[in-house]
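See below for the structure under consideration.
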Amino acid sequence: MLLNESDVINVVCAYLEERGYSIRQALKPTEKGVDIIGVRKRSFTEVLHVEAKGETSSRVTSARYGLPFNSAQTRIHVAEALYKAITVLPGRGRGIKVRSAIALPDNPLHRRYVELIMPTLRRLEIAIFWVCNKRVLVESPWEI
């Protein structure tokens with residue numbers, strides 16, 4: 001089963017809630033803004049922003065609905081996710097620690113493109129949530 005963006009968002013939100021986050025925002029694919037905003041319940045000073053992408057379209061009317069995105073589309077989605085993740089980084093240092101992450105389907109195509117930017121993600125301390133079915137594998141320089 002291919003995951004659309006809504007699937008990825010729902011799985012990551014459930015994962016975060018199990019780990020003590022309160023979900024303040026979980027957008028639908030048609031809405032603009034940060035896809036997921038979670039706040040760590042134990043401190044309320046740690047905010048996590050997550051940009052999510054799927055591996056197929058969420059729109060039933062789309063020509064890509066139910067079909068996997070091709071290599072070029074996947075590359076663009078990874079680039080867009082990185083851009084969004086970087087834009088929240090200036091929010092650090094105002095009494096609230098803002099963390100940034102990307103959530104992507106765990107498949108060979110997404111992994112291929114993320115591998116190319118992995119040194120940058122590590123340097124910028126951007127976490128990755130790899131989603132496969134209802135499971136999440138996390139690569140993070142900080143504790144989730």
Filtering segment 11-46 down to residues that are of a type in the set (Val, Ile, Thr) and in contact with a helix residue (DSSP H, G or I) (Cβ under 8 Å, 6 or more places away or on another chain), which residue is modelled with the lowest pLDDT?
-> 34
Scanning segment 113-144 for residues that are part of a helix (DSSP H, G or I) and touching a residue at least 12 places away in the same chain (Cβ under 8 Å), the one farthest from residue 38 (Cα to Cα) turns out to be 113
Any chance you could count how many residues in segment 117-144 are over 18 Å from residue 107 (Cβ atoms), under 14 Å from the mean Cα position of the chain (by Cα) and hydrophobic (A, V, I, L, M, F, W, C)?
-> 3
Given (1) surrounded by 12 or more Cβ atoms within 10 Å (Cβ to Cβ); (2) closer than 19 Å to residue 14 by Cα; (3) more than 14 Å from the chain's Cα centre (by Cα), index of the condition residue 34 fails | (3)
Residue count, segment 57-83 (criterion: within 20 Å of residue 31 (Cβ to Cβ), touching a residue at least 24 places away in the same chain (Cβ under 8 Å) and surrounded by fewer than 19 Cβ atoms within 10 Å (Cβ to Cβ)) = 3
Counting only residues that are closer than 18 Å to residue 104 by Cα and surrounded by 15 or more Cβ atoms within 10 Å (Cβ to Cβ), segment 11-24 contains a total of 5
Taking into account only those residues within segment 106-116 that are hydrophobic (A, V, I, L, M, F, W, C) and more than 14 Å from the chain's Cα centre (by Cα), which is surrounded by the most Cβ atoms within 10 Å (Cβ to Cβ)?
-> 109
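The values are calculated or read from the model by the stated rules, or taken from the named source; none is laboratory data. Note that the structure is predicted; figures quoted are calculated from it, not measured. When we count neighbours, we look across all protein chains shown, and the Cβ atoms used for this are built from the backbone with ideal geometry, even at glycine.
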